[in-house]
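The values are calculated or read from the model by the stated rules, or taken from the named source; none is laboratory data. The structure presented is a predicted model; accordingly, all values stated were derived computationally and were not measured. Here the Cβ is made from the backbone with ideal geometry for all residues, glycine too, and neighbour counts use every protein chain on show.
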Amino acid sequence: MIWHIITLTLICFFSLELRAEEIESIKIENLAKKAIENSRLLAAKDLQILAKRNYSEQATAFQNPQLSFSIGKRESQGGSFSIPYSNMVNGEQYQFGISQPFYFPGKRDLQKKIFEKEGELSEIEKSELELEIYYTISFYAYETFVTGLKEKHARERARRFRMLQGFLRSRPFASPMQKAQKTIAENKLKILESQIVDIQYKREILKNQIRLYTEVPEKFSIQSRLFSEVPDLNKEELFAEAKKNSLILKKLNKERESKDLQAKYSAKQMYPDITVSGFFGKQTLDNKETYYGLGLDIPIPILNQNKAKIKGLEQEISSYQIQYEFEEQKLEREIGKLFLRYTAAKEKIKLLSPNLLEAGHRQMNYADSIFRRGLIGFTDYLNAESEDDLLHKAILGSHLEMAGIQLQAWKITGKINPITF
């Protein structure tokens, strides 16, 4: 009975410990979406967009009126030939005035439109940042997944060489050749163990890069797969979609439109704002006087007509058109280059199917068996193991390359697409 209780206690203890060490498996798409939702950089962009909206609203506000008030004493000498100070007339005087500046017609609307364009630019920049975060995190995550497969493969090789080392040590009365074989196996094992350290280090770097963008558990793995089918990309369709949705081209268009509005606003600045004023005053001398009236202040634009600034803005508008045409050509070249990489990667994926990994594993198990039975020599075994390693690395490398190409193609189109791998 006591042994049953002890057994149950141990089972409960180890099951709890295993649960505590469970590693959370995260899908790439979920990780990328979470990074966007929790991004502090995107939150900062939202604040910039709100700021531009507030600036736009403020641009249409009226200027504040100005009030003036003065009070004092007024003295006047009566008569043309009177003795100085012998016939002085004293009295009080005060004056009240109000003035209201008015923007020249059209200025406020143009200012508002300029800030609205700046807000639209901030929204495009936010979309650029979303794409950058989404696809950067996706690639880091897939590379983490592939790095995990590399570590698994390296550990399998290390296990195989430990077994080989044990087998070689068990030989009695080893010949010089057998001693050399044992040394080779030991050195291979040391190299593999150092490679495992490098792989683990790289995996932690990738995870830290992911943590820069979003919160993840201390221990997590990436749920993904190698490509069972080659993604389908069409060069013409990709270019048409990229040209239509390219955020770089949209941004240049908005910047050109903003400079065009600024040029129009600068032309309006040549015409000064108008100030309408009214006043009322009163004085108490011999005869009480009351005076009032209206005024209009109009600065004369004869010394500064803002011509140099307008010309500079027109030159900037022309430069944006040149940049737009260049970026359009650059986009076409980038897609051409990407499609060449895709074509090469597609052929490699067809040659290096993921099924070859399992086939290679079975072949190496068979090689282990026949080597221990003495049916193949040490050199043949090393060649088989080396070929399997090269094949494994080629498969993982080609699939990582294809993932990068697919993500870059989606990014060029300016849209966030579901991650299908």
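Annotations
- Residues of region 322-339 satisfying the condition of being among the acidic types (Asp, Glu) and touching a helix residue (DSSP H, G or I) at 6+ places or on another chain (Cβ under 8 Å): GLU327, GLU328, GLU332, GLU334
- Flag if LEU226 is in a helix (DSSP H, G or I) and of a type in the set (A, V, I, L, M): no
- Taken together, the residues in region 305-315 that are part of a helix (DSSP H, G or I) and surrounded by fewer than 16 Cβ atoms within 10 Å (Cβ to Cβ) amount to 6.
- Region 221-244 - residue that is under 15 Å from ILE28 (Cβ atoms) and more than 24 Å from the chain's Cα centre (by Cα) and, of those, surrounded by the most Cβ atoms within 10 Å (Cβ to Cβ): LEU226
- When residues of region 192-220 are limited to those that are touching a helix residue (DSSP H, G or I) at 6+ places or on another chain (Cβ under 9 Å) and of a type in the set (Val, Ile, Thr), the one farthest from GLU24 (Cα to Cα): ILE196
- Scanning region 396-418 for residues that are over 30 Å from ILE124 (Cβ atoms) and without any contact (Cβ under 8 Å) to a residue 24 or more places away in the chain turns up just one, GLY397.
- Filter result for ILE196 (surrounded by 14 or more Cβ atoms within 10 Å (Cβ to Cβ) and assigned to a helix (DSSP H, G or I)): yes
- Residue match in region 82-93 (condition: in a strand (DSSP E or B), surrounded by 11 or more Cβ atoms within 10 Å (Cβ to Cβ), at pLDDT 85 or above and among the β-branched types (Val, Ile, Thr)): no
- Test: residue in region 387-410 that is crowded, with 20+ Cβ neighbours inside 10 Å, touching a Phe, Trp or Tyr at 6+ places or on another chain (Cβ under 9 Å) and part of a loop (DSSP other than H, G, I, E, B): no
- Screening PHE220 on (1) of a type outside the set (D, E, K, R); (2) modelled with pLDDT of 90 or more; (3) farther than 26 Å from GLU132 by Cβ shows it passes everything except condition (3).
- Test: ALA384 is under 17 Å from LEU168 (Cβ atoms) and not β-branched (Val, Ile, Thr): yes
- Filter result (over 21 Å from PHE96 (Cα atoms), among the polar types (S, T, N, Q) and not in a helix (DSSP H, G or I)) within region 255-299: none
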